[in-house]
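I have placed the structure first, in the form of structure tokens, so that the comments after it can refer back to it.
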């Protein structure tokens with residue numbers, strides 16, 4: 001089979017050519033979902049076949065991306081309620097802030 005024929009078959013089956021440059025071009029399947037006039041890309045990952053390292057790497061990529069625009073992430077109203085309660089406890093002297101280093105030490109001791 002010639003390269004052009006293979007490329008035609010791949011594209012007919014819903015794959016899109018992604019030009020990355022050099023010898024790093026590839027084809028990937030893109031599924032587009034339309035909802036309320038917005039277009040979203042749905043990517044299915046073979047999670048059951050992925051290693052733990054791969055899963056963690058994807059989580060880190062997603063988290064890093066989400067952290068770039070924290071205002072886009074809605075916070076539930078109960079978060080504010082809990083923060084207010086905790087702030088009041090600190091103001092009333094019934095609670096105090098702890099340094100992260102000390103919190104980690106306490107948790108490690110408790111887990112032993």
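The table below gives the values:
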{"item": "Output for the stretch 56-94, where each listed residue is modelled with pLDDT of 90 or more and part of a loop (DSSP other than H, G, I, E, B)", "result": "92, 93, 94"}
{"item": "Long-range neighbours under 7 Å by Cβ, at least six apart or interchain, first residue within 21 Å of residue 83 (Cα to Cα) and outside the structural domain of residue 83 (by TED's automatic domain parsing) within the stretch 95-109, second part of a helix (DSSP H, G or I) and at pLDDT 90 or above", "result": "none"}
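The values are calculated or read from the model by the stated rules, or taken from the named source; none is laboratory data. Keep in mind that what you see is a predicted model, and the values were worked out from it rather than measured. Note that we place each Cβ from the backbone using ideal geometry, even for glycine, and neighbour counts take in every protein chain shown.
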